[in-house]
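The values are calculated or read from the model by the stated rules, or taken from the named source; none is laboratory data. This is a predicted model, so every value here is computed, not measured. Cβ coordinates were reconstructed from backbone atoms using ideal geometry, including for glycine residues, and neighbour counts include every protein chain displayed.
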Amino acid sequence: MRPKPVVLNIHYAHFCFTRFWTIHPFIRCYTTYTIMNAAARLVFLSSRYDHITLLLHRLHWLRAPVRIAYKQAVLVHQCLRGFAPAYLADDLQPVAELSGRQRLRSSSTSALVIPPPTRLRTIGDRAFPVAAAETWNSLPPEVTSSSQHSSLSSFKSKLKTHLFSLSFPDL
């Protein structure tokens, strides 16, 4: 029942808004919020004044900031498995590969090294290595631990289940 062109255009909007990750959440996702809400109302032919949370839940769509995190985590998974372009994969480094950290507890996890803080927070922290590593490290171990050995569809299923429970905790 999901219209594919609407979903594809929403995915494109999320990649555009990934660059604005450090701006205030309402500003960075306002356009995506309105597009998603309008698409959900269009699918269900609901009124503008109907509550949108139930519609998004019925469509099994994630909220806008969580969808951005979903896309970043899937891209990191592909980088770690070698299915992403080298210019992206080269910037991500697991903690276990750092010299001197093999004996730490974090070396047994799939955590990624977050690059050191940049001089300009508004530019450097929006870079892919920083935003992707922060997103990946924020995921629970049951989602990321088996990412090296699981298929992409299995990882996406675990990830979406986890993010869906965060996005709609009351439903």
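Quick notes on this one:
- For residue 101, the criteria (1) among the charged types (D, E, K, R); (2) in contact with a helix residue (DSSP H, G or I) (Cβ under 6 Å, 6 or more places away or on another chain); (3) at pLDDT 90 or above hold in every case but one, which is (3).
- Answer residue from the range 8-55, given it is part of a loop (DSSP other than H, G, I, E, B) and at pLDDT 80 or above and is surrounded by the most Cβ atoms within 10 Å (Cβ to Cβ) among those: 46
- Looking only at residues in the range 146-171 that are more than 17 Å from residue 78 (Cβ to Cβ) and free of Cβ contacts under 8 Å to residues at least 60 places away in the same chain, the one that is surrounded by the most Cβ atoms within 10 Å (Cβ to Cβ) is 162.
- Residue 107 meets each of the listed conditions (1) in contact with an Asp or Glu (Cβ under 8 Å, 6 or more places away or on another chain); (2) at pLDDT below 90 apart from (1).
- Residue 58 being at pLDDT 90 or above and among the charged types (D, E, K, R): yes
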